[in-house]
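The values are calculated or read from the model by the stated rules, or taken from the named source; none is laboratory data. Fair warning: this is a prediction, and the values are worked out from it, not measured in the lab. When we count neighbours, we look across all protein chains shown, and the Cβ atoms used for this are built from the backbone with ideal geometry, even at glycine. Only protein heavy atoms, including side chains, enter the accessible area calculation; ligands, DNA and RNA are left aside. Shrake-Rupley method; radii C 1.70, N 1.55, O 1.52, S 1.80 Å.
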Amino acid sequence: MFKSGFVAIIGKPNVGKSTLLNLLIGEKIAIVSHKPQATRKSVKGILNGEDYQIIFTDTPGAHESNKKLNAAIIKFIDEALEDFDVAVVMTDNNGEIDEVLEKYLEKIKQKNKKAILIINKIDLMSKEEIEEVKKRFIEKADFADIIETSLIQSYDAKEKILNSILSLLEEGPKYYEDDIISTETERFIIAEIIREKIMNSVGKEIPYHTAVVIDEMKYREEKGIYYIKANIIVERKTHKMIIIGKNGQLIKKIGQDARIDIEQFLDSKVFLELWVKVKEGWTKKEAMIKEYLDPRF
Ligand SMILES: Nc1nc2c(ncn2[C@@H]2O[C@H](COP(=O)(O)OP(=O)(O)OP(=O)(O)O)[C@@H](O)[C@H]2O)c(=O)[nH]1
Ligand SMILES: [Mg+2]
């Protein structure tokens, strides 16, 4: 029997949802950061087995905010929960359940869909803490399975989670060709890699007001190299100066780190050119939010 289905990964920010997607797919398609709210748009990853195909959707962390940009981000969670077969609800050592997450748990229940609870980061938790978090979640929803794990330390995390999901999926068709691992465009993933380096190297609030857009991407056959020009969009002149850094040191480092990952992703040599552009108040303007969050290149 061939099994297939759509699996939505949801949870509070920073619990490890994107780490899980990358682990399951075996390639880095979603960005990961120690800072919360790294994911801004849902990212789909497709896993093919001999007798199954699973389409995962990694969603942004569930949080509330009256900011325009955050409202646009949160919409992606609702979208992911519109049509799915199994929900993977993820939590970590904080074990937080707030009204926002509760609303999504309620939605899963209403739709009568199966859910799995993953308690991640047990490397940071005592047995008592794990039990406490488990209790809190069981009170709020029914879970077909509960997995305690550490995605970065447990050697069997992937296998355990995958087996649990497979046991809940039903017979179904192959939706995508075997060689497709994501429905995201190469340009989107490359822009995200650059944004990840900014998130992980620029302090404070600035990454939350920064977007990355690929302006040009060409393969130069004669040299066997990709030429990529990307714009880093910031809200203020001061942000531009901080990202560029003293003598351009910081942007140079962002570019070097991003290039290494992009070369691995494209399996080719890459020449990366980064430009910082100021778009005053872009996080408050609907049209620009749309353009920069889900850019249709
Ligand atoms: N200690 C520990 N850290 C982990 C584990 N799994 C993931 N992390 C770290 O947790 C941080 C957040 O991981 P992400 O995968 O970006 O989390 P996320 O849920 O996608 O976050 P948002 O996109 O902001 O909602 C990163 O620094 C990860 O390296 C784990 O098992 N143990
Ligand atoms: Mg994420």
Taking the alpha-carbon centre of each part, the distance from the range 100-179 to the range 23-71 in Å is 15 Å
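Counting alpha carbon pairs within less than 8 Å and at least 6 residues apart, what relative contact order, in whole percent, applies to the range 197-268?
Rounded, it is 29 percent for the range 197-268.
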Note on the range 94-247: the mean projected area of its alpha-carbon convex hull, in nm², is 15.1 nm²
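Give a quick list of trypsin sites (Lys or Arg not before Pro) in the range 220-297 that DSSP marks as loop, anything other than H, G, I, E or B, with at most 11 other Cβ atoms within 10 Å.
LYS223, ARG296
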dims of the range 3-168, Cα set, principal axes, largest to smallest, nearest Å -> 45, 35, 32
Diffing the range 81-96: the Karplus 3J(HN,Hα) column from phi (6.51, -1.76, 1.60, θ = phi - 60°), in whole Hz with x for Gly and Pro, holds 8, 6, 9, 7, 9, 9, 9, 9, 9, 10, 9, 9, 4, 6, x, 6
Across GLN53, GLN264, GLN37, the residue with the highest GNM fluctuation in the chain (Cα network, 10 Å cutoff) is GLN264
Ordering 143-154, 38-49 by per-residue average of other C-beta atoms within 10 angstrom, highest first, gives 38-49, 143-154
Note, the range 202-214: 3J(HN,Hα) by Karplus (6.51, -1.76, 1.60, θ = phi - 60°), whole Hz, Gly/Pro = x, goes 10, x, 6, 7, 3, x, 6, 10, 10, 10, 10, 10, 7
Checked against a 24 Å limit on the C-alpha separation, the offending pairs among LYS3/LYS35; LYS28/LYS127; LYS41/LYS277; LYS3/LYS158 are LYS3/LYS35; LYS28/LYS127
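Looking only at the chain, where both bridge partners belong to it, what percent of the DSSP beta bridges are antiparallel (to the nearest 5)?
The answer is about 35 percent antiparallel.
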FRET efficiency for GLU79 and GLN264 from the Cβ-Cβ distance with R0 = 30 Å, rounded to 0.05, comes out at 0.50
One checks the Cα atoms of the range 186-293 and finds Rg and Dmax, in Å, of 13.8, 44
Of the listed links LYS107/LYS174; LYS237/LYS269; LYS17/LYS160; LYS218/LYS290, those spanning more than 21 angstrom between alpha carbons are LYS107/LYS174; LYS237/LYS269; LYS218/LYS290
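Enter the accessible area per residue of the chain (Å², integer; probe 1.4 Å; all protein chains in place).
Heavy-atom SASA per residue in the chain reads 51 Å².
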